[in-house]
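Single-structure report; data block below.
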Amino acid sequence: RIKHSIRFEVGTRFNARLIAHVNIVESPKNFDQIRLNMQKTGKQATTLKGKPIPKHRAIILHFHGGGFISMSAFAHENYTRLWAKQCKVPIVSVNYSLAPQHQFPKAVNEAFEAYKWCREVAGPIWGTEKIVLVGDSAGGNLVASVAVRCLQEKFPLPFALMPVYPALDLRRVFSPSMLLTLNDKMIPYLFLQACLSAYLGSTNIEELHRAAGNPLASPYTASDDIISQFPRCHFVAASLDPLLDNTIRFCDRMNKLCPSGTVSMSIVPQMIHGFLSLNWPIVGVKEVLKLIKECGEYLDALIEEKEIVPGNRLNQ
C-alpha cells in the first residue's frame, strides 16, 4: 500500500504527521530504534525488516497556524502535500498541544523537541543535516521561538527559517497594520486577544504583558545578541494582514544586527492573513495555488542556499 502521509508519535515528546513525495517505507515512530541500530552496527539506515531507507537532501519541519487554539497538521495538508511533491523532501508537520487546555510554553517545548528529534534521529537516518523550519501565523511564532531556544541552550541552529505571516510579538502593541483588526473578518481584534489570553493563560492585562515579554512567547523581544545569531530567514507576509508590521519590524532588526544576506522578505499584495489555507476546491481563491507554489520555490532556494527572487512580490 502506498502511503504519502501518516501520523506518528515520538513517546510523550510530540506527535506529528510525515508528509512525503514518495512511498513511506517505515513509520517514523520506529526511527528511535532504527537510529540505535545504526549506532550499534555502524551501517546505513534500514527499516526494521532490513530494507534500505531512502536518503533526502533536507527535512522541512512544519508548524501549523490556528492562533495556538485550533487546527492541526492534517488540516494544513492542502499545501504541505504540494510542498513535499514540489521540493521532493519529507515534511514533518507537528501537532503541537493547543490552548487553552495546554498553555505556553507547552507548544514551544513540543516544537523544540520535534526539532531535536529531526536533528538527532531523523536527520542521520535520512542522511541530512539540513533542517528548514516553516510555519504560518502561530506556527511562524514557533519557528522563531525554536531558533531563540536553540541559542539560549547553545543547541545547533536550524539550517534556515521561513515564517509565513507570523505572530512575532504577542504584547499588546498597536501599529498601523494592527488597526486592520478593527474591521478584519479573519482575525478581528477581540478574537486575536482571546487567542492570546488562552495561550498565555490569563485575561489580566498586566499578567498578559509580562508573559508576552518572554522571548519564547514573543521572539521580537529577544536580545540583540540572540537576534544577531539567527540563521538565514525568508519571511512571507500579506499586505492586508494585521500582523504585517510584526514581520517588518522583526526584519528591520535582523537587517541591522545580522550579516548581509541573512534575511529577506516577500510581501504578497492584496492578500489576507491565512492565505495558504484558502485553496479549497471549487470555492477557493484561485490565486492561492500560485502563492503556495511560490512559497515552495522559496523553501527550495533556502535548501539549496540560492538567492530568493520574489518575482512580482514586494521585497524587503
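Please pick out the residue among 48, 82 that is within 27 Å of residue 295 (Cβ to Cβ), touching a helix residue (DSSP H, G or I) at 6+ places or on another chain (Cβ under 7 Å), surrounded by fewer than 21 Cβ atoms within 10 Å (Cβ to Cβ) and not β-branched (Val, Ile, Thr).
None of the other options fit; the residue is 82.
Say whether the condition of being surrounded by fewer than 17 Cβ atoms within 10 Å (Cβ to Cβ) and at pLDDT below 90 is met by at least one residue in region 26-42.
No, there is no match, as no residue in region 26-42 is surrounded by fewer than 17 Cβ atoms within 10 Å (Cβ to Cβ) and at pLDDT below 90.
Just name the residue that is surrounded by the most Cβ atoms within 10 Å (Cβ to Cβ) out of those in region 168-186 that are within 20 Å of residue 99 (Cβ to Cβ) and over 19 Å from the mean Cα position of the chain (by Cα).
181
So for region 212-233 (the condition being in a strand (DSSP E or B) and farther than 22 Å from residue 97 by Cβ), does at least one residue qualify?
Yes, region 212-233 contains at least one residue that is in a strand (DSSP E or B) and farther than 22 Å from residue 97 by Cβ.
Scan region 153-167 for residues that are crowded, with 20+ Cβ neighbours inside 10 Å and either basic (Lys, Arg) or more than 14 Å from the chain's Cα centre (by Cα) (or both) and jot them down.
none
Only one of 214, 312 is open to solvent by 30 Å² or more (accessible area, probe 1.4 Å), over 20 Å from residue 160 (Cβ atoms) and at pLDDT 95 or above; which?
One residue alone meets the criteria, 214.
Does any residue of region 178-190 turn out to be at pLDDT below 95, assigned to a loop (DSSP other than H, G, I, E, B) and of a type in the set (Ser, Thr, Tyr)?
no
Residue-wise test of (1) under 20 Å from residue 86 (Cβ atoms); (2) open to solvent by less than 20 Å² (accessible area, probe 1.4 Å); (3) among the basic types (Lys, Arg).
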{"residue": "236", "(1), (2), (3)": "yes, yes, no"}
{"residue": "259", "(1), (2), (3)": "no, no, no"}
{"residue": "286", "(1), (2), (3)": "yes, no, yes"}
{"residue": "292", "(1), (2), (3)": "yes, yes, no"}
{"residue": "296", "(1), (2), (3)": "yes, yes, no"}
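Scan (1) assigned to a helix (DSSP H, G or I); (2) open to solvent by less than 10 Å² (accessible area, probe 1.4 Å); (3) within 16 Å of residue 196 (Cα to Cα) for the single condition residue 118 breaks and write down its number.
It is condition (3) that residue 118 fails.
Of the residues 230, 191, which is open to solvent by 30 Å² or more (accessible area, probe 1.4 Å) and in contact (Cβ under 8 Å) with a residue 40 or more places away in the chain?
Being open to solvent by 30 Å² or more (accessible area, probe 1.4 Å) and in contact (Cβ under 8 Å) with a residue 40 or more places away in the chain holds for just one of 230, 191, which is 191.
The values are calculated or read from the model by the stated rules, or taken from the named source; none is laboratory data. What you are looking at is a predicted structure, and each value in this text was computed from that prediction instead of being measured. Counting neighbours? That spans all protein chains shown, and the Cβs are built from the backbone with ideal geometry, glycine included. Ligands, DNA and RNA are excluded from the accessible area calculation, which covers all protein heavy atoms including side chains. Shrake-Rupley method; radii C 1.70, N 1.55, O 1.52, S 1.80 Å.
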